[in-house]
Each structure stands twice: as C-alpha cells, then as structure tokens.
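The values are calculated or read from the model by the stated rules, or taken from the named source; none is laboratory data. Note that the structure is a prediction, hence the values are computed from the model and not measured. Cβ placement follows ideal geometry from the backbone for every residue including glycine, while neighbour counts extend to all protein chains displayed.
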Amino acid sequence: MKTISIIVWLLVLPLSLFAKEIQREKSKIKCTYRHTTKPFIGDTLKVTEEFVLISSDKVSMYLSAKAFNISQKANELFSQKTSELFISSFQSGGRILNQMPKTKINNYKVYKFSDSRKVITLTSDFITPFQLEESMDDFDWIITNEMKEILGYQCIKATLGFGVYHLEVWFAPEIPISDGPFVFCGLPGLILKIQDTEKRHSFELLTIEKDGDIEFTIAHPEDVFKGKITKG
C-alpha cells in the first residue's frame, strides 16, 4: 500500500501546480448510465461502458464509473484537492463539437454549471489536455406528445439533431433535474434514455440514487487545463 501511495503521489504532484481553486459539492442525485455503441457501421459488434452522473444544485459531473470509483478511493488516501487532480490526469481521447464519444477509448469528464449555463468537457489529444466549452442553450430540443414508462417513471419523448445524428430522447418530468448523460441537458426533467435513429449510440439509465449526499470535488477546468475550443 505504501508503494502504491508513493507512485500515485508522484503522478499527482505535477498537476497540483496548475490548480488554483477546488469547489466542493454534495450530490443531490447519483445516476448510473450504460453507453452502448457500434464502433463500425454495418457490424454487429457492440461496446458498452457504464458512466456516473453526480449532480448538486450548482454543478454536475459525468465520468466513467471506473474513474468515479478511483476518485472515491483516492479521497481516502489524499486530500480532496489532490484526488481530483489525480483523476484529471487520466483524461484522454479528443472530442469535437456535436460528436459522440467512443466507449472505452474516450475517457472524458463533463461538467455542467447551472449558474453560467456552461457545459465543459475535459479531454486531451494524448499530449496536451484541454477543455471544450458549450452552452446549455445550444441544444434545440423538440418535445413531442409521445409518452412511455421507463423504470417506473412516465417519460416524454424529445428529439434533437446532434451533428450527423438524429437523437430520440426520453425524459422524466417528475424528476425535476435538467440533466442527463454526456453533454445532454436542458429538458424539463432528467434524461433516462437516448438513442440515435441508426442505433449506433444509446445511453440508458440503470440506477438512480436520490439524496445520496456523496461528496465530490470540482477542479475548475480553466485553472487545471490550458487551451480552449469555444463554439462560435
């Protein structure tokens, strides 16, 4: 254990020089989603990975379940500031606007800030870490009259054009959290399911824990990561 701790500390130390502010939050809700994708068009191969959405009143964080579990264990070894930077050091795989992530390749992290209405993706090009900034208002949702039940919640269907994808989305108004998997947000209720019409990508809610009171930290992206791509 002592050897592992020393190795992790050496990985964390250089990144700590870039952080200026750490925001501590307590979760209002914790959701686990399964992202399924078909990497190749026309192939039957499917790749799946689980992701966690942690949300407070001010900010939410979306990251892989593996990264989330590492961060929780890291909190037991180090201060919250150090553990957050430790997880940030594992971000990899680039993304451009309106592009879907690649499971088990794109180990990204997404922050959504309710006050500024910013959606920030932390990622890297395998050499230089950077942030991709979008707005919650960039999503042109079309809410339909279609309804169905998912996990015991009455959901409403919405659609969205997202790059080359046409998405069908189901959200639950009875869960008054305007959030969802990946960068998606802005609907009057939590998003439970997303699927593109060609069935190449799908996000499905697996579990939901309300009032989990999980402590998590936000290392402000502008303080940790240099370089920014802003939608013009």
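General remarks:
- Check on Leu187, assigned to a loop (DSSP other than H, G, I, E, B), surrounded by fewer than 23 Cβ atoms within 10 Å (Cβ to Cβ) and in contact with a strand residue (DSSP E or B) (Cβ under 6 Å, 6 or more places away or on another chain): yes
- Residue check for Lys193: at pLDDT below 95 and among the basic types (Lys, Arg): no
- Filtered residues of the stretch 57-72 (kept if farther than 13 Å from Leu122 by Cα and modelled with pLDDT of 85 or more): Lys58, Val59, Ser60, Ala65, Lys66
- Looking only at residues of the stretch 162-181 that are modelled with pLDDT of 95 or more and assigned to a strand (DSSP E or B), we find that the one that is surrounded by the fewest Cβ atoms within 10 Å (Cβ to Cβ) is His166.
- Qualifying residue in the stretch 147-161 (condition: surrounded by 21 or more Cβ atoms within 10 Å (Cβ to Cβ), at negative phi and of a type outside the set (Asp, Glu)): yes
- Within the stretch 139-173, the set of residues being of a type in the set (Asp, Glu) and either touching a helix residue (DSSP H, G or I) at 6+ places or on another chain (Cβ under 8 Å) or closer than 13 Å to Ile191 by Cβ (or both) comprises just one member, Glu168.
- Restricting the stretch 10-55 to residues that are farther than 30 Å from Glu198 by Cα, within 22 Å of the chain's Cα centre (by Cα) and exposed (fewer than 13 other Cβ atoms within 10 Å of the Cβ) leaves a set whose member that is modelled with the lowest pLDDT is Glu21.
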